[in-house]
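Report on the structure given below.
What follows draws every value from the coordinates through simple rules; no lab data is involved. These numbers come from a predicted model, not from an experiment.
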Amino acid sequence: MRPSRFCDHIVAKADDHSETGLQGVCGPCHDQKSAREGAAAAKAKQRPGRQRPPEQHPGLL
């Protein structure tokens, strides 16, 4: 077991800085958790692609 070197919020994006809202984690665990939370936030924030809508067939215009 590695010693805790980072103070981490238990719930991501939480403004709870009380002792019950924080936890101690080692460096590798903090990196993994932060990467996982960052990927989830980026996925939730995805914008729709910039694709043109399909054009109608010229005979239908």
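One chain, two ends: Q46 and H9. Fully extended at 0.36 nm per residue, the span grows by 10.9 nm beyond their Cα-Cα distance.
Our helix-only sum for the chain, with -39,500 (n - 2.57) per DSSP H run of n ≥ 4 divided by its residues, gives a mean residue ellipticity at 222 nm of -10000 deg cm²/dmol. Calculation over all alpha carbon pairs of the chain in 10 angstrom steps from 0 returns a P(r) of 18, 30, 19, 10, 9, 8, 5, 0 percent. Extension gain, H57 to H17: 0.36 nm times the residue separation minus the Cα-Cα distance gives 8.4 nm. The C-alpha atoms of the chain define a longest principal axis, and helix 27-44 lies at about 30 degrees to it.
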